[in-house]
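Reading through the structure tokens given below for one structure.
Bear in mind these aren't lab numbers, they're just calculated from the coordinates by the rules spelled out. Note that the coordinates shown come from a computational prediction; the quantities given were computed from them, not determined experimentally. Virtual Cβ from ideal backbone geometry, glycine too; neighbours counted across all protein chains shown.
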Amino acid sequence: MTSKLKLLVATGVVTAAILGANPAFAAGTTSGTGITNNVNVSFQVGGVTQTAATGSDTFVVDRKINLTVAASDTATTNVSPGQNGAITTFVVTNTSNASLDFSLAATQGPATNGGTDNFDVSGLQVFVESGATPGYQPAEDTATFINALAADANKTVYILGNVAAGRATGDVSGVVLTAVAREDNAAATLGAALTNNNGTANGATTVETVFADTGANATEAAGDDYTVAAADISVFKSSRVVSDPINGASNPKAIPGAIVEYCISVANAAGSATATSVAISDTLPADTAAGGVTFSTGSIRVDGTVTSPGASQTCTGGSAGGAFSDPIVSGTLSDIAANSARALIFRVTVD
């Protein structure tokens, strides 16, 4: 009888209560948690109840290393030629059962949202969201690694890159964010590399580290890409004689004293990005001994309507604006969306 009871106590075959375990999370029981199993066996001898026999077993939960890295959305990041600090956004999640640091690296990669990768952004940088103000803030989001990320917690990470001038609409550059789990060293510095104990024997009272990520290397990565959306601008300049001193407005000719109207149109091709801050500067021809033209004060109109931009264009409307500083006529047009055009119109008198 006694030997059988000892066997029951030692092996814990009888139903037991699990005491001292932390609440369960997606990442599992916290690493280092001691799990104790207590057993209580009651019995009688000759019909008399004896003192119950008890036993217990305790083991320590090992550390499971896992993480995920994902782009914050499934859409490409639209950028402009010559844009610096273009941002792609990722989320790194600690699915381990322990707090960890994470090193971060940004590299070139394939396109992930359609299209073909055909150029590289330059000056890649990685920064971690501080949480003080949502969205990338250069003065706040300065950390280049993730420090002490708790189990089941996540951090937003930004990749910044520079787009070369001259890239065309539809050009694509892929980037990859790689995160590597590291020791949480309880300091504001990046912890040491982890050691994988998958191949070692388990110790009941020691915490082994097990790499559970896809490649069993405490590393995960995800890609995103930049797609260039450029404005495809064409500029056309035309003139028409409005009136002359002989014929008036009826079939006028470009004789001295005639009023000539210039139209400078700016057209943006279909499928292009909106052109903004469209500033025009037109230098009138210099006067010569043989004559020239004289600017008609107050004649500048901006945001005129253009029909058939080009040599045969017609320009109408617009509102007063612009400026003349001899010999330069200047003005700024409103934003020009894809497949549309705007014009700056002004008049001169033939000398």
- Note on the structure: quick shape note, the stretch 244-328: Cα extents on principal axes in Å, largest first -> 46, 30, 22
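Find how much the distance from Thr305 to Ala75 grows on full extension, using 0.36 nm per residue of separation minus their present alpha carbon separation; answer in nm with one decimal. Can you show the working numbers first?
Numbers: separation 230, 0.36 × 230 = 82.80 nm, distance 3.49 nm.
Full-extension gain reported as 79.3 nm.
Beta carbons within 10 angstrom, averaged per residue: use that to sort the peptides 333-339, 101-107, highest first. Each step should come with its number before you reach the end.
Values: 333-339: 16.0, 101-107: 20.1.
Descending mean neighbour count gives 101-107, 333-339.
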- Task: Would you list, by chain and number, the aspartates and glutamates whose Cα falls below 12 Å from the Cα of Lys253, excluding same-chain residues fewer than 8 positions away?
- Result: Asp244
- Return a whole-number percent for the relative contact order of the chain, with Cα pairs under 8 Å and 6 or more residues apart as the contact set. 15 percent
- aspartates and glutamates whose Cα lies under 16 Å from that of Lys64, excluding same-chain neighbours fewer than 8 positions away: Asp101, Asp152, Glu183, Asp184, Glu208, Asp213, Glu220
- Among DSSP beta bridges whose residues both lie in the chain, state the antiparallel percentage, nearest 5. 95 percent
- Item | Cross-link partners of Lys237 among aspartates and glutamates (Cα-Cα below 16 Å; sequence separation of 8 or more within a chain) | Glu261, Asp282, Asp303
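Hey, can you rank 243-251, 158-166 by average C-beta count inside 10 Å, highest first?
158-166, 243-251
Around Thr276, with a cut-off of 15 angstrom between Cβ atoms, what is the net charge of the other residues, counting Lys and Arg +1 and Asp and Glu -1?
Numbers: positive: Arg342; negative: Asp232, Asp303, Asp335.
Counting the neighbours of Thr276, the net charge comes to -2.
Which ordering of Tyr226, Tyr136 is given by a fewest-first count of other beta-carbon atoms within 10 Å?
Values: Tyr226 28, Tyr136 16.
Arranged by neighbour count, lowest to highest, Tyr226, Tyr136 become Tyr136, Tyr226.
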- Item | Assigned charges on the beta-carbon of Lys, Arg, Asp, Glu; the chain dipole about Cα centre (debye) | 520 debye
- Task: Specify the angular offset, from 0 to 90 degrees and rounded to the nearest 10, of the alpha carbon long axis of helix 2-11 from the longest principal axis of the alpha carbons in the chain.
- Result: 10 degrees
- Note on the structure: For the stretch 294-351, averaging the sequence separation of alpha carbon pairs under 8 Å that lie six or more residues apart and dividing by its residue count, the contact order in percent is 46 percent
- Task: Net charge near Val163: determine it from the other residues with C-beta under 13 Å of the C-beta of Val163, scoring Lys and Arg +1 and Asp and Glu -1.
- Result: -2
